[in-house]
């Protein structure tokens, strides 16, 4: 598998069509209009392709600047993200994303704002990052997470629950939304299931992670160096 980072404006018509098809295969309720609207606000895209050049996954990204308590910060917001089941064993998407983060780092603090209705995406946080919120051993939401999520999602964000409820939620199809009982032994998965009980209907848990090299786990450092 090969991961490629490119500006959203460089996507070809066939790549966009393949991305839409992959989303509709894995999520219910995805229309071309909704897909195009979400994609239009992003400025970066990561594509995951197999040896034949077939799209097996992607993630859209919005890199932007904002002020928090009067101080400048930069924020990476991950939008539509999906990896085909047949490519779950590949680390190409994660590696490409980590490489992108290194190119985006500067003197201005950089954060990752993530909303997720899937436990597999949430698991990306503890695998590659030491500190993030919320998590099972630090469930309280920091003010900076509440501020960022409130600014982006407005009334769709419930700060008491830490959940974003979109007007048109994307719901994973049968077999993908459910959390296998065997995975609930993991404290991170168990926590995700507890704080986001509506994940199967598309409720999104809002998460925040400082994107610094010091915050990367050994696994994150190793993968980014490959």
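Assign one of three labels to the range 128-226, namely rounded, prolate or oblate, based on the Cα gyration tensor with a ≥ b ≥ c the square roots of its eigenvalues; rounded applies when a/c is under 1.5, prolate when it is not and a/b is larger than b/c, and oblate otherwise. Note, shape of the range 128-226 comes out oblate. Taking 0.36 nm per residue of separation and subtracting the current Cα-Cα distance, fully stretching the chain between residue 108 and residue 67 would add 13.7 nm. Rounded to the nearest Å, what's the spacing between the alpha carbon centres of the range 149-197 and the range 43-114? Just the number, please. Cα centroid of the range 149-197 versus Cα centroid of the range 43-114: 19 Å apart. A simple spin-label model places pseudo-atoms 7 Å from Cα toward Cβ; at residue 5 and residue 36 they are separated by 2.9 nm.
Prolate is the label for the range 1-118. Its Cα gyration tensor axes, ordered a ≥ b ≥ c, give a/c of at least 1.5 and a/b above b/c. Counting every alpha-carbon pair across the range 97-171, the share separated by more than 18 Å comes to 48%.
Relative to the present Cα-Cα distance, how much length would full extension add between residue 193 and residue 123 at 0.36 nm per residue of separation? Net length gain for the segment: 24.0 nm.
The numbers here are math on the coordinates, done by the rules we state, and not lab data. The model shown is predicted, which means the values in this text are computed figures rather than measured ones. Don't worry about glycine lacking a Cβ; one is built from the backbone with ideal geometry, like all the others, and counts go over all protein chains shown.
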